[in-house]
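Visitor: The structure that follows is given in the form of structure tokens.
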Amino acid sequence: QLQASGGGSVQAGGSLRLSCATSGHTASMDAVGWFRRAPGKEREFVAAIVWGLDNTYYSDSVKGRFTVSRDSAGNTVYLQMNSLQPEDTAVYYCAADTNYRGGHYNQYEYNYWGQGTKVTVSS
């Protein structure tokens, strides 16, 4: 199971930290990604962390503002979101990849998905 949490409503410039609990998949995961779907738009890649060297990847729209990390056991993955803007408003999803092939930006790379947590940023 993947359980995303931490969403809420903030004003522009504020911060939120999303969490993704990955119980049941820890032993087989290679990577965890964060995606988001804004109203009326398709789901898009936000960030990912790949096991091993803990390499991290970000979309251009969030680079420098968001940070993805995980706890030492790999059970929880975080997405720290700073300097939030209204365009960051979306439902955020975490997803686990058990057979990483390099396509961390591709939603079809991932095997398991959480239910999403809503983030609303007001101006």
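Visitor: Return one whole number: the accessible area per residue of the chain in Å², for a 1.4 Å probe.
Guide: 50
Visitor: Filter the chymotrypsin sites (Phe, Trp or Tyr not before Pro) in the stretch 32-63 to those in DSSP coil with at most 16 other Cβ atoms within 10 Å of their Cβ, and list the result. Please list the in-between numbers first.
Guide: Working: sites: Trp34, Phe35, Phe45, Trp51, Tyr57, Tyr58; in loops: Trp51.
Passing sites in the stretch 32-63 are Trp51.
Visitor: Rg/Rh for the stretch 75-123: what does it come to with C-alpha atoms and Rh from Kirkwood?
Guide: Using only Cα positions, Rg/Rh for the stretch 75-123 is 1.03.
Visitor: Also, quick follow-up: How big is D, in µm² s⁻¹, for the chain by Stokes-Einstein at 20 °C and 1.002 mPa s if Rh is the Kirkwood radius over C-alpha pairs?
Guide: Diffusion coefficient, whole number: 152 µm²/s.
Visitor: How high is the relative contact order of the stretch 25-123, in percent, counting Cα pairs under 8 Å that sit 6 or more residues apart?
Guide: 31
The values are calculated or read from the model by the stated rules, or taken from the named source; none is laboratory data. Nothing here was measured: the structure is a model prediction, and the numbers come from that model. Positions of Cβ are generated from backbone atoms using ideal geometry, with glycine treated the same way; all protein chains shown enter the neighbour counts. What goes into the accessible areas is simple: the full protein's heavy atoms, side chains included, and nothing from ligands, DNA or RNA. Shrake-Rupley method; radii C 1.70, N 1.55, O 1.52, S 1.80 Å.
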